[in-house]
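One structure is given below, represented as structure tokens, and several questions about it will come after.
The values are calculated or read from the model by the stated rules, or taken from the named source; none is laboratory data. A quick note: this is a predicted structure, and the numbers were derived from the prediction, not measured. So basically every Cβ, Gly included, is an ideal-geometry build from the backbone, and we count neighbours across all protein chains shown. Surface areas here come from the heavy atoms of the whole protein model, side chains and all, with no ligands, DNA or RNA. Shrake-Rupley method; radii C 1.70, N 1.55, O 1.52, S 1.80 Å.
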Amino acid sequence: MPIRKYQKSDFSEILKIYALTKLEELRFESRDFKLVPLDRDTIRLQKFEECEVFVYEEAAILGYCAMHHHEIRALFVLPAFQGRGIGKSMLGFLLSRILGTASLSLAASNTPAKKIYESFGFTVSSEFMAEYDGKPVLAIEMQREQSKE
């Protein structure tokens, strides 16, 4: 499987992937956002550093995912490689590592991502206000009960 544990030397590739994909999750919002690079976003960088991070690598790093305990905190695939099952592979990989209830958060307006998570058994558990680029964003938390096999 082309998923491996993140190494510090991967950070520049993570920054590139984040820069190319972060605003994509906000594309259905009614306002415009400016990218705040991961290494300049104190809160998101701290959350990233708390995580167990994995990269999807073939000839190059094509995506990454991150989890903290039972929470999936990141799942990003380079735009040119989206739609090829890489994100689903990474999501399945993370779910295989979580016993109990898995959770994740996303912009409520990101219907395509919500549908993918629903296809993996996630359901909306709550709504809350988040913020990006200093602007409010309605977000949802989704949860999935895992089997304890």
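Among the aspartates and glutamates, which fall within straight-line cross-link reach of LYS22, defined as a Cα-Cα distance under 16 Å, with same-chain neighbours fewer than 8 residues apart omitted?
GLU13, ASP32, ASP39, ASP41, GLU131, ASP133
Rolling a 1.4 angstrom probe over the protein heavy atoms, how many square angstrom per residue are accessible across the chain?
Using a 1.4 Å probe on heavy atoms only, each residue of the chain averages 56 Å².
To continue, here is another question. Over 23 Å between Cα atoms: which of LYS5/LYS88; LYS34/LYS88; LYS16/LYS115; LYS115/LYS135 fall into that group? Can you show the working numbers first?
Values: LYS5/LYS88 17 Å; LYS34/LYS88 27 Å; LYS16/LYS115 26 Å; LYS115/LYS135 25 Å.
The answer is LYS34/LYS88; LYS16/LYS115; LYS115/LYS135.
I would also like to ask the following. Determine Rg/Rh for the stretch 59-122; Rg is computed over alpha-carbon atoms and Rh is the Kirkwood hydrodynamic estimate from the same atoms. Mind dumping the intermediate values first?
Working: Rg = 11.7 Å, Rh = 12.4 Å.
Computed over Cα atoms, the ratio is 0.95.
Per 0.36 nm of contour for each residue apart, how much would the distance between GLU24 and ILE116 grow if the chain were fully extended, relative to their Cα-Cα spacing?
31.6 nm
Indicate the gyration tensor shape class of the stretch 1-87 (rounded, prolate or oblate), computed on the Cα atoms with a ≥ b ≥ c the square roots of the eigenvalues: a/c under 1.5 is rounded; otherwise a/b larger than b/c is prolate and the rest oblate.
Oblate.
Next question, about the same structure. Which loop GluC sites (Glu not before Pro) in the stretch 17-123, with loop taken from DSSP, have no more than 14 other Cβ atoms within 10 angstrom of their Cβ?
Hits after loop and neighbour filter: GLU58.
Report the Cα-based extents of the stretch 102-149 along its three principal axes, largest first, to the nearest Å.
Result, largest extent first: 43, 19, 14 Å.
So what's the projected area for the chain, the Cα convex hull averaged over all directions, in nm²? Mind showing how you got there, number by number?
Values: hull surface 35.0 nm².
For the chain, averaging the hull's shadow over all directions gives 8.8 nm².
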